[in-house]
Amino acid sequence: VFNFSAGPAVLPVPVLLKAQSELLNYQGSGQSVLELSHRSALFETILNETESLLRELLEVPDGYHVLFLQGGATLQFSMLPLNLATNQHLIDFIDTGSWSQKAIQDAQVYAKTRIIASSASNLYRSIPTDPVVSDADYLHITWNNTLEGTTYTHVPQVDVPLVADFSSSILSEPIDISQFDLIYAGAQKNLGSAGMTLVIIKDDLLERTPALLGSYLRYDTHATHHSLYNTPPTYSIYLTKLVLEWIKEQGFETVVRRNRQQAAALYTYLDQSTLFSNAVALTDRSRMNIPFTTGQTDLDEQFLKFAERNQLVNLKGHRSVGGMRASLYNAMPTSGVDALLDALHRFEQGER
Ligand code: PLP
């Protein structure tokens, strides 16, 4: 089947095959990666290679730590205020939809929050573009909005540290990391499997953590211990290494080009269709998550059933948005998008 899930998401077939071939006996050790001690030389090599591949592909500048944590992007909604909202206890947010709001809700437990821009009045179908001013401890943005299908294309310019949730678009396109002070992403969309969360943090932010904070919740703990303070999500890190090797083999620019072509093909179809449509502002359309609808609930349901019969699965839109959503993460082959376009076309022609 072609899997359009928003996450956990499709993995590249060569990655799954490599993981399968190494599952029982990793590099002649007689052990599975699942069984390796996180203090073993074999696992430390996996961890170091994963970090150096990430640094290479994302062009992470010097002066940043790369951390492999657990707890999903959701734990970051708490770790961020606990570690960084320590001067004024005030955090600014740009509200671009459901995941921004989840981040705000958790931050409110620990600090004052302020929404300095929002696309709520536009039903979150665009990204606020007016210049913003912040004097908070930091500004938080959600770069790619998985449910609403929007993405930033320009980095907001502010005089305070900029923190961004890249969960659903990390490694789908180049990022100028130097414009951010912290970015984070759960692994289960573009980086590998659920269980690992990537945090890239500028070194000077590590000094903000207050003395009274438990060890796991502190960024400085993980930075000092090179993500080995406690048992890290070893297998998830290993899968990320395989995904990064897969990207490097083809060239990151090939992956980026494929993402652009796939999204463009689907948007082009939706824009000329007389049945299906996407309501997101043209300039702010996500290349990873593309919501669309016929505008009629029963027809959407019929299409979803038709799609499943054609081996196209997990196309149902999030319940808060409705309709359909195609997530086209890095591992989606172009044949999957072609099959979706074919099904959309045939359904529009009346086939059921
Ligand atoms: N932020 C965004 C943009 C997401 O898409 C998701 C999950 O889909 C999350 C945060 C939450 O991630 P997790 O389930 O890893 O906590």
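Please treat every number below as a calculation from the coordinates, not as lab data. For clarity, every value in this text was computed on a predicted model and none was experimentally measured. Because the Cβ atoms are built from the backbone with ideal geometry, glycine has one as well, and the counts that use them run over all protein chains shown.
Simple spin-label estimate for Leu228 and Leu23 gives 2.8 nm between the two label positions (7 Å along the Cα-to-Cβ direction from each Cα). Length gained on full extension, Glu49 to His154, computed as 0.36 nm times the residue gap minus the Cα-Cα distance: 34.7 nm. Over 25 Å, how big is the tail of the calculated P(r) for the range 205-351, in percent of all Cα pairs? Across the range 205-351, Cα pairs with separations above 25 Å total 48 percent.
Label zone of Glu56 (point 7 Å out along Cα→Cβ, amide N under 20 Å): in the range 250-265 this covers 250-257. Counting neighbouring Cβ atoms within 10 Å and putting the fewest first, the residues Glu207, Glu59 line up as Glu207, Glu59. Annotation: extensible slack from Thr274 through Asp203 equals 20.4 nm (criterion: 0.36 nm per residue apart, minus Cα-Cα distance). Extension gain, Glu301-Ala211: 0.36 nm per intervening residue step, less the Cα-Cα distance, totals 27.1 nm.
Each Cα pair under 8 Å and six or more residues apart adds its separation to the average, and for the range 251-348 the resulting relative contact order is 30 percent. Over the range 14-249, Cα pairs under 8 Å with separation of 6+ residues give a relative contact order of 26 percent. Dividing the summed -39500 (n - 2.57) terms of all DSSP H runs of n ≥ 4 by the residue count of the chain sets its mean residue ellipticity at 222 nm at -11500 deg cm²/dmol.
Structure remark: mean-square fluctuation, Gaussian network model of the chain, C-alpha springs under 10 Å; the largest value among Leu266, Leu304, Leu24 belongs to Leu24. Please identify, among Leu217, Leu205, Leu23, the residue showing maximal mean-square fluctuation in a Gaussian network model of the chain using a 10 angstrom Cα cutoff. Of the options given, Leu23 has the highest mean-square fluctuation.
Residues Lys189, Lys241, Lys202 in ascending order of nearby Cβ atoms (within 10 Å, fewest first): Lys202, Lys241, Lys189.
Among residues other than Lys112 whose Cβ falls under 14 Å from its Cβ, what is the net charge (Lys/Arg +1, Asp/Glu -1)? Net charge around Lys112: -3. Of the residues Arg325, Arg208, the one with the fewest other Cβ atoms within 10 Å heads the list, and the complete ranking is Arg208, Arg325. Specify whether the C-alpha gyration tensor of the range 66-111 places it in the rounded, prolate or oblate class, a ≥ b ≥ c being the square roots of the eigenvalues: rounded for a/c under 1.5, otherwise prolate if a/b is larger than b/c and oblate if not. In terms of gyration-tensor shape, oblate. Computed over the Cα atoms of the chain, pair by distinct pair, the Kirkwood hydrodynamic radius stands at 21.2 angstrom.
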